[in-house]
């Protein structure tokens, strides 16, 4: 692992939030003349593996913190706001899936990370898939939570209707996190980013990946096909994909079910059988929906 670039001191325009949103350390760096805000594990992780969390459409990394925080002691964890999102500065070319994948790799370069596991939600999943497709040497494993995009979310009015159905299924406190991010992102950026998201060949690229890939679906997520349809499609190829269904969850699983999601991710990272969290018996249940032929078999 190479030595990371030194983070410049925050300027007046790069102030840290008054109140930290989690136990992760909040920092700034500068990449290609753009200020980038990110969060990082405050202490050296017991496991030297690096894990970076990639946020969804119009949002910052803040809503990913509940899950990232639970994994921060297990893995060296990063949660960046990609350029154009959240507190990070804007770039004219940062509203396209390939550009955002390049930005994710640039962030890893800036932090001196040669290879990482990427954990994404919604739009973050196509960004991760593109990263694995274009820069396969930089990604160890992929965790795709509620992957969005493609024909199931077209046209825009359908996606808006799906979001309207999803909203009351999410915790009410999610609005306090999401609304400021959406306002900051803006309508013009939303239109351009939506076109890029729905035109990206997520499913085709996903089934072509050659790394262990975990897909986590919420049972009540209106933005995704039913789990049985996902299994039917995934079974058409000999993939590296493991699909897990989380009972009762909607779209923003990283925010609404952080304990259960962190538990599944730990099992996946160590190639253990998918089973319910013994520390939360009788709570949310997990179901293995599909295990690709080339996905690592569960270890005892």
Qualifying residue in segment 1-23 (condition: at pLDDT 95 or above and closer than 27 Å to residue 173 by Cβ): no
Every residue from segment 116-131 that is under 17 Å from residue 99 (Cα atoms) and either crowded, with 24+ Cβ neighbours inside 10 Å or at pLDDT below 95 (or both): 118, 120, 122, 123, 124, 125, 126, 127, 128, 129, 131
Residues of segment 267-280 classified as over 13 Å from residue 213 (Cα atoms) and either at pLDDT below 90 or not in a loop (DSSP other than H, G, I, E, B) (or both), total: 4
Matching entry among 39, 62 (being buried (at least 19 other Cβ atoms within 10 Å of the Cβ), in a helix (DSSP H, G or I), modelled with pLDDT of 95 or more and touching a helix residue (DSSP H, G or I) at 6+ places or on another chain (Cβ under 8 Å)): 62
Number of positions in segment 186-206 that are more than 18 Å from the chain's Cα centre (by Cα) and on the phi < 0 side of the Ramachandran plot: 9
Qualifying residue in segment 289-300 (condition: in contact with a strand residue (DSSP E or B) (Cβ under 7 Å, 6 or more places away or on another chain), over 19 Å from residue 239 (Cα atoms) and at pLDDT below 95): no
Which listed residue, of 240, 283, 251, is at pLDDT below 95 and buried (at least 19 other Cβ atoms within 10 Å of the Cβ): 240
Segment 87-112: number of residues that are over 17 Å from residue 192 (Cβ atoms) and touching a helix residue (DSSP H, G or I) at 6+ places or on another chain (Cβ under 7 Å): 3
Test result for residue 69, under 25 Å from residue 176 (Cβ atoms), touching a residue at least 40 places away in the same chain (Cβ under 8 Å) and more than 11 Å from the chain's Cα centre (by Cα): yes
Condition check for residue 214: at pLDDT 95 or above, part of a strand (DSSP E or B) and under 17 Å from the mean Cα position of the chain (by Cα): yes
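The values are calculated or read from the model by the stated rules, or taken from the named source; none is laboratory data. As the structure is a prediction and not an experimental result, all values here were calculated from the model. Note that each Cβ is placed from the backbone with ideal geometry, even for glycine, and that neighbours are counted across all protein chains shown.
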